[in-house]
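Student: Dropping the structure in here first, questions after.
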Amino acid sequence: MTTRTREHLRSVGVEYDYIDIEKDREARQWVKEQNGGKEKKPTVRIHDRVLAEPSNGELDRELAAAGLRA
């Protein structure tokens, strides 16, 4: 699902920072904290909103709400 999410963000022209939680212990801990102790991938933060394993539709709605996409 991470690959799908990254491809979708690229296809709609949204810049993002990708952090590999397999290589970043602090990021892994943050993901677990956001998801009740589980490593849900991807976990995406858009401003103050955190989405776990979002569909492309969920991403589009949140990006639009954040003013990052029409």
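Any read-out appearing in this document is the output of simple, stated calculations on the displayed coordinates, not a laboratory observation. Everything numeric here is computed off the predicted structure, so don't read it as measured data. Cβ atoms come from the backbone with ideal geometry, glycine included; neighbour counts cover every protein chain shown.
Student: So which residues in the stretch 25-57 are hydrophobic (A, V, I, L, M, F, W, C) and within 16 Å of Glu7 (Cα to Cα)?
Tutor: Val44
Student: If you don't mind, another one. Report, ordered by the first and then the second residue, all pairs with beta carbons closer than 7 Å, sequence separation of six or more or different chains, a first member in the stretch 18-32 that is small (Gly, Ala, Ser), and a second member that is part of a loop (DSSP other than H, G, I, E, B).
Tutor: Ala27/Ile19; Ala27/Ile21
Student: Mind listing whichever residues of the stretch 9-35 are over 14 Å from the mean Cα position of the chain (by Cα) and in a loop (DSSP other than H, G, I, E, B)?
Tutor: Listed by number, the residues that qualify are Val12, Gly13, Glu22, Lys23, Asp24.
Student: Could you list, in sequence order, the residues of the stretch 49-63 that are more than 12 Å from the chain's Cα centre (by Cα) and of a type in the set (D, E, K, R)?
Tutor: Arg61
Student: Do the conditions hold for Ile46, that is, is it among the hydrophobic types (A, V, I, L, M, F, W, C), farther than 17 Å from Glu62 by Cα and surrounded by 14 or more Cβ atoms within 10 Å (Cβ to Cβ)?
Tutor: Answer is no for this residue.
Student: Say we look at the stretch 49-65 and pick out the residues that are under 24 Å from Gly36 (Cβ atoms) and of a type in the set (A, V, I, L, M, F, W, C); which of these is surrounded by the fewest Cβ atoms within 10 Å (Cβ to Cβ)?
Tutor: If we take residues in the stretch 49-65 being under 24 Å from Gly36 (Cβ atoms) and of a type in the set (A, V, I, L, M, F, W, C), then Ala65 is surrounded by the fewest Cβ atoms within 10 Å (Cβ to Cβ).
Student: Could you please find all residues in the stretch 1-31 being surrounded by 15 or more Cβ atoms within 10 Å (Cβ to Cβ) and in contact with a Lys or Arg (Cβ under 8 Å, 6 or more places away or on another chain)?
Tutor: Listed by number, the residues that qualify are Val14, Ile21, Val31.
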